[in-house]
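Visitor: Could you have a look at this structure, given as C-alpha cells, before my questions?
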Amino acid sequence: MNKTVKKIVVILIVLILLPAAFLTINEFISLNQNEEVIGRIYSNQLDAILYSVNQYSEDVVSSWASRIDEFHDNLNNLDDIKISSTIDSFYSQFPSLSIIFVADSASSEIKLIVKKEDNNSLNKLGEFKKSVKNIIYENQPIVERLLTYKKAGYRKLEPIKSDSTINGSILLFIEETPEGVGRITGMVIDPKEFTYRILSPKLQEVAQQEFLISVFNRAENYQFNSSRDFKVGEVQQSKALWIFPDYQIGISLVGQTIEDLVQQRALTNILLIGLLTIVLILGVWIVYRNIKKEVELAQIKSDFVSNVSHELRTPLSLISMFSETLEMDRVKTEEKKKEYYSIISQEANRLSKIVNSILNFSKMEAGKRQFNFVQSYLNDVAENVYRSYKFHLEQKGFTFSIVKDESIPIIKIDEEAISEAIVNLVDNAVKYSNTNKEIIIRTGMENNFAYVEVEDRGIGIPEKDQKKVFEKFFRVGSANVHNVKGSGIGLSIVKHIVDAHHGRIELRSELNKGSKFRLLLPLNKT
Ligand code: ADP
C-alpha cells in the first residue's frame, strides 16, 4: 500500500471508525442499563397494581368490621348463639361472610352470630366454638397487639390461621363495647367466594385488556383469573393477599411478559445500531476507495508526465545531435551523411507518432474522436501495417510474418483507426520482446466476428495485470517493463477504438512466454 493511502486509512480509522465504535459500545452499555431501568419501572407498576387490589380488599373487610361493630351494639342481651331474621338480612349484605364470633377479652365465653341455615347443626356449632377458643388462645400475642391498637384508638384487622373445623379464613379485630371493654370479634370468610363475589369486578376493572390478574392458592390448585382465557400458573409477579395470607394475587401482561417486551426493544435497538455501524463502515470503505483511486491517479499522472517527457527527449536529443554534426560539416563521407539523415527522419517520425498518439488520446478522453466507418477488407489493413513494418523489424532481428484468412468478408471499419490499433500492438510486441524476437499478425473469423491478432514471444503479462493493461496510464510494475519507454496509453487507445467498433479485445499471455492480443470486430453490424 502506498504511504499516502496508508496515512489516509489511519486518519479514517481514527476520525470515523474509532468514535463510531466507541459510540456503539457506549450505546450498548447504556441500552442494557436502560432496559434494566425499564424492567424495574414495569415491575414497580405491577407491584402498585397488586398493592391497590390488596388495599381494596382490606378496605372492604374493614368496612364490614365497622358495620358488624355497629350492628352488634344494637343487638341487646347477647345470647350464646344469636339467631334471628334480622341477622339473616344482615348477613345478606356481606357475601362470603359465613359466621361471626365474639369472645370477651379473656376468651372465656364465645358467642356466635349464626345464620338461620347454620343453626340446624348445633353440634357442629359447639365444636366450632371450641376451635375458636383454641385459636384465640394460640394467637394470644396477636390479640394483645390488637387490643393495644384499639386502646390507641385504631382498629386493625388481622388474619389468623384457622383449622379444619372452621370452614374459611378468620379475620380478627377488636370491637369496643358501650362499656368500653374490648370485644374480640372474628369474621369467618370464604376466600374463594370473596374473590368471586367481591374482588372479581375490581380485578376486571384494574386489569382491563392489558393485564391478567389472578387470585390463586397453589396448595389447593386453585386459581381465579380476571379473564377466562388465562392458563393456570402463568403469573409473572405475585404477592400474598393481606387478608388471606394463604392466597396470592398475581399479575401478568396479556400476550407478552415484561422480559419479552424488554428483549424485543433491546433487539430492535441492537439491530438498528448494527445497521448504522454497517452503513458507517460502508461509508468509510467508499471514502477510502475513492481517496485511494484519486491518490493512485495522481501518482499515475505524474508517472505519465515523466514517461512522456522521457520518450520525447530521446528522439529530440538524437535529432539535435545528428543535425548539429551535419551542420558543422563534420561528416566526411556521403554514405555517413545519408545514414545520419535517415536517423533524423526516423526519429522525427517517432516523435510525431508519440505526439499523435497523445493527441488522439486527449481527443478520445474528451469524447471528441470521430470515426469514419467504411466497407473495408480487414486483411488489407493488416497487410499494410505488415508491409510498412517488415523491413524495419527485420533490421532489428525480428522474424515478422502475417497469416491471413482470405475468407473474411468486407466489414465496416475505420481503416485508419484499426491500422493505428494494430500498429500499437506491433509496437508493444517489439518493445516487450526479449531474445525470442518473433511477431505474427494473424487474421481470422470467430462466431460473428472477424479478428486481427498480434502475437509475440516476449516477456508476457502477469495474470493479475491482464485486465488492468487496458486502463489508461497503467504499466506493469516489473523492472523489465520499466527499462522500456512507454506512456501507458497505447492499449487504452486500442480498447477505445475496438469499443467504437462494438467489438472486444481478448488477451492471452503467459509470463516469459509471450502475449497474444486479439481484436474482434463484428461481421455484420456497424
Ligand atoms: P506503454 O506505453 O507502457 O507500452 P500500453 O498501454 O501500450 O503502454 O501498455 C500498457 C502496459 O501493458 C505496458 O506498460 C506493458 O507493461 C504491458 N504490455 C503491453 N503490451 C505488452 C506485450 N506485448 N508484452 C508484454 N507486456 C505488454
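Visitor: Which one of these does residue 507 not meet: (1) of a type outside the set (Phe, Trp, Tyr); (2) within 11 Å of the ligand (Cβ to nearest atom); (3) part of a loop (DSSP other than H, G, I, E, B)?
Guide: (3)
Visitor: Could you list, ordered by first residue, the pairs with Cβ atoms under 8 Å in which the first is in region 261-287 and surrounded by 13 or more Cβ atoms within 10 Å (Cβ to Cβ) and the second is not in a helix (DSSP H, G or I), at least 6 apart or interchain?
Guide: 261/253
Visitor: Then there is this: Any chance you could count how many residues in region 450-467 are over 24 Å from residue 308 (Cα atoms) and crowded, with 17+ Cβ neighbours inside 10 Å?
Guide: Matching residues across region 450-467 total 8.
Visitor: If you don't mind, there's one more thing I want to ask. State whether the residues of region 323-345 include one that is free of Cβ contacts under 8 Å to residues at least 24 places away in the same chain, aliphatic (A, V, I, L, M) and exposed (fewer than 14 other Cβ atoms within 10 Å of the Cβ).
Guide: Applying the first criterion (free of Cβ contacts under 8 Å to residues at least 24 places away in the same chain) to region 323-345 yields 323-342, 345.
Still in the running and aliphatic (A, V, I, L, M): 326, 328, 331.
Those still in the list that are exposed (fewer than 14 other Cβ atoms within 10 Å of the Cβ) too: 328.
Yes: one or more hits.
Visitor: Here is a follow-up. Among the listed residues 326, 316, which satisfies the condition of being modelled with pLDDT of 85 or more and touching a Lys or Arg at 6+ places or on another chain (Cβ under 7 Å)?
Guide: It is 326.
Visitor: Please work out if residue 287 is over 22 Å from residue 470 (Cα atoms) and in contact with a Lys or Arg (Cβ under 7 Å, 6 or more places away or on another chain). Steps first, answer last, please.
Guide: Working: over 22 Å from residue 470 (Cα atoms): yes; in contact with a Lys or Arg (Cβ under 7 Å, 6 or more places away or on another chain): no.
Against the criterion (over 22 Å from residue 470 (Cα atoms) and in contact with a Lys or Arg (Cβ under 7 Å, 6 or more places away or on another chain)), residue 287 does not qualify.
Yes/no per residue for (1) in contact with an Asp or Glu (Cβ under 8 Å, 6 or more places away or on another chain); (2) within 25 Å of residue 512 (Cβ to Cβ); (3) free of Cβ contacts under 8 Å to residues at least 12 places away in the same chain:
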{"residue": "405", "(1), (2), (3)": "no, no, no"}
{"residue": "420", "(1), (2), (3)": "no, no, no"}
{"residue": "424", "(1), (2), (3)": "no, yes, no"}
{"residue": "432", "(1), (2), (3)": "yes, yes, no"}
{"residue": "437", "(1), (2), (3)": "no, yes, no"}
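Visitor: Take residue 420 and decide whether it is of a type in the set (Asp, Glu) and more than 13 Å from the ligand (Cβ to nearest atom).
Guide: no
Visitor: Do we have residue 470 as surrounded by fewer than 21 Cβ atoms within 10 Å (Cβ to Cβ), touching a residue at least 40 places away in the same chain (Cβ under 8 Å) and within 9 Å of the ligand (Cβ to nearest atom) here? Spell out how you get there, then give the answer.
Guide: Details: surrounded by fewer than 21 Cβ atoms within 10 Å (Cβ to Cβ): yes; touching a residue at least 40 places away in the same chain (Cβ under 8 Å): no; within 9 Å of the ligand (Cβ to nearest atom): yes.
Judged against the criteria, residue 470 is not a match.
Visitor: Please pick out the residue among 98, 66, 84, 92 that is at pLDDT below 80 and more than 60 Å from the chain's Cα centre (by Cα).
Guide: Selected residue: 84, the only one of 98, 66, 84, 92 that is at pLDDT below 80 and more than 60 Å from the chain's Cα centre (by Cα).
Visitor: I'd like the full set of residues that are under 55 Å from the mean Cα position of the chain (by Cα), in a loop (DSSP other than H, G, I, E, B) and touching a residue at least 24 places away in the same chain (Cβ under 8 Å), limited to region 357-388.
Guide: If the condition is that a residue be under 55 Å from the mean Cα position of the chain (by Cα), in a loop (DSSP other than H, G, I, E, B) and touching a residue at least 24 places away in the same chain (Cβ under 8 Å), then 369, 371, 372, 373 are the ones that fit.
Visitor: Now for a different question. For region 488-504, how many residues meet the condition of being under 14 Å from residue 422 (Cβ atoms) and either of a type in the set (Phe, Trp, Tyr) or within 11 Å of the ligand (Cβ to nearest atom) (or both)? Break it down stepwise before answering.
Guide: Residues of region 488-504 that are under 14 Å from residue 422 (Cβ atoms), as a first pass: 490-491, 493-495, 497-498, 501, 503.
In the following step, the residues that additionally are either of a type in the set (Phe, Trp, Tyr) or within 11 Å of the ligand (Cβ to nearest atom) (or both) were identified as 490-491, 493-495.
Residues in region 488-504 being under 14 Å from residue 422 (Cβ atoms) and either of a type in the set (Phe, Trp, Tyr) or within 11 Å of the ligand (Cβ to nearest atom) (or both): 5 in total.
Visitor: Just give me the residues in region 447-459 being touching a Leu at 6+ places or on another chain (Cβ under 6 Å) and modelled with pLDDT under 95, in sequence order.
Guide: 448
Visitor: Would region 223-240 turn up any residue that is at pLDDT 80 or above, assigned to a loop (DSSP other than H, G, I, E, B) and either closer than 27 Å to residue 171 by Cβ or out of contact with any His (no Cβ under 6 Å at 6 or more places or on another chain) (or both)?
Guide: yes
The values are calculated or read from the model by the stated rules, or taken from the named source; none is laboratory data. Computed from a predicted structure; not experimentally measured. Methodologically, a virtual Cβ is constructed for each residue, glycine included, from the backbone with ideal geometry; neighbour enumeration extends over all protein chains shown.
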